[in-house]
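The values are calculated or read from the model by the stated rules, or taken from the named source; none is laboratory data. For clarity, every value in this text was computed on a predicted model and none was experimentally measured. In this analysis, Cβ positions are derived from the backbone assuming ideal geometry, glycine residues included, and neighbour counts consider all displayed protein chains. We work out accessible area using only protein heavy atoms, side chains counted, and drop any ligands, DNA or RNA first. Shrake-Rupley method; radii C 1.70, N 1.55, O 1.52, S 1.80 Å.
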Amino acid sequence: MLRLAEIKLPLDHHDSALREAVCARLGVPDSAIRALTVFKRSYDARRSSQQLIYIVDLDIAGEDALLKKFKGDPHVGATPDMNYYYVGQAPATLPCRPLVVGFGPCGIFAALILAQMGFKPIVLERGKEVRQRTKDTWGLWRKNVLNPESNVQYGEGGAGTFSDGKLYSQIKDPRYLGRKVIDEFVKAGAPEEIVYVAKPHIGTFKLVTMVEKMRATIIELGGEIRFEHKVTDVLLDGDGDTRQLRGVVLENGEQLLSDHVVMALGHSARDTFEMLHARGVYMEAKPFSIGCRIEHPQSLIDKARHGKHAGHPILGAADYKLVHHAKNGRAVYSFCMCPGGTVVAAASEPGRLVTNGMSQYSRNERNANSALVVSITPEDYPGDGPLAGIALQRQLEELAFKLGGENYEAPAQLVGDFLAGKPSTQLGEVEPSYKPGVKMSDLASILPPYAVEAMREALPAFDRQIRGYAMHDAVLTGLETRTSSPLRITRGDDLQSLNVRGLYPAGEGAGYAGGILSAGVDGIRIAEAVAKSMLGLH
């Protein structure tokens, strides 16, 4: 196969234009092309030259001659091998089955790959299956009732289920493991376009049915999924840095024995982090970010990003990515941008409030929303130790809960009032999407002063990049505190805990992923490490 990049075509090109452009670029007749597959399609967002940009893979006659002809051309080369190869296959009889704790994106892919290799994993998920979990989550959004074990954070599919379903990442991926993640999603019912569009997304409703199908696949392959099975302790042999994990203890007192346990906890499993820390598992505090959600009319973002092409169906709802380095040394940036989406209640602990963003596949809601967050480091946390970041999160979430009226309504403020340093008393033209509702407030009263200072500096800077970004009536809804895990359960080159053999910290909660795709990739890598250990391949 031959890969050809940088084929540029107008937004509204005809069906045969891509093939014609490839022939012209390579100087070959159409008959030479036996098959053409789009590897990636992106677009040039500059208003003056809105174009689609293609990378294609070709089964083409005379491939060797073409590679020789275009030697040195950075846009012509051999297609890399993107197939996934399993590291091994389980024996017919297993002395013990691996455990996977958590069934978010990382846990799903760890379990799926282990199952595909014949290791018949047992998955322990503290929350409920995805449809019941969805009902419980709506209970918070519509009735102000929080279920601490079944919500946006806990349950089948993990926090990514109630998000935009973004499937792109900036991780280095030389083995194309991200392609394996995408391929499995397509098998489970995701739109086929996610294979080639530059910024693929799925949306919540589609994710629900996909997660169910992936669960069924794992079970068909001999795996087992146990919902409402919360791990409350670990069984350890030895002491110091030579300890071996022998299994886990469940909330009901049951013990499950295994020498290989994947901890794919997600970034909000605070009680499990505390348990592991109490058992001496090595972990360390890491940076994360805090801030608010910001909402604008989606039409404003479309016009600013796409100009005269705003609303074009192939472009869809426009997104953005913004960064500002403030004078006080803080980075302020947009995060988890949800075009045509909603701001959602994402609390997982009573008496604490946190927000997140969500979109459906259609991305056709009236508002665009994004986190607007400020970077913080362990030096900002109250006290020392690896759990200090959790203490800060809880402190801020409690302040937000009180400011919102202690009923899971969220404190909100107009951008114009935030910049002017005065509380908001009424909404303007932007209607906030957060359910169960918002209470007009002064968000500066609950954010750290350094964050307020940096955000007030960044908003006008962002307005120069996206005209109208700092519009008076744009709505800030607070708080956003779970941009990533505030700690890392550090692991070695073999992907096991530094001081507990058999414990495999994985995914976003362990500090090794950020988003659905990277969490899925990490799950694959962890499954491979477990398989190698069980097969004695290290």
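Numbers at a glance
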quantity	calculated
Looking only at segment 69-97, and only at residues there that are in contact with a strand residue (DSSP E or B) (Cβ under 7 Å, 6 or more places away or on another chain) and not aliphatic (A, V, I, L, M), the one that is farthest from residue 1 (Cα to Cα)	96
Residues of segment 497-538 that turn out to be without any contact (Cβ under 8 Å) to a residue 60 or more places away in the chain and surrounded by fewer than 21 Cβ atoms within 10 Å (Cβ to Cβ), as a count	2
Wholly within segment 222-305, strands (runs of 3 or more DSSP E) carrying at least 2 residues that are out of contact with any helix residue (DSSP H, G or I) (no Cβ under 9 Å at 6 or more places or on another chain)	231-237, 243-250, 255-257, 288-297
Tabulated pairs, segment 49-78, first more than 18 Å from residue 8 (Cα to Cα), second open to solvent by 30 Å² or more (accessible area, probe 1.4 Å) and part of a strand (DSSP E or B), C-beta under 6 angstrom, 6+ apart or interchain	59/34; 59/35
Residue within segment 329-342 that is open to solvent by 20 Å² or more (accessible area, probe 1.4 Å) and out of contact with any strand residue (DSSP E or B) (no Cβ under 7 Å at 6 or more places or on another chain) present	yes
Number of the condition not met by residue 315 [criteria: (1) open to solvent by 20 Å² or more (accessible area, probe 1.4 Å); (2) aliphatic (A, V, I, L, M); (3) modelled with pLDDT under 95]	(1)
From 167, 177, 250, 207, residue being under 17 Å from the mean Cα position of the chain (by Cα), open to solvent by less than 60 Å² (accessible area, probe 1.4 Å) and modelled with pLDDT of 95 or more	177
In segment 62-81, the residues that are in a loop (DSSP other than H, G, I, E, B), on the phi < 0 side of the Ramachandran plot and not hydrophobic (A, V, I, L, M, F, W, C)	71, 73, 74, 75, 79, 80, 81
Matching residues in segment 1-50 - criterion: being among the basic types (Lys, Arg), under 32 Å from the mean Cα position of the chain (by Cα) and surrounded by 13 or more Cβ atoms within 10 Å (Cβ to Cβ)	3, 8, 40, 41, 47
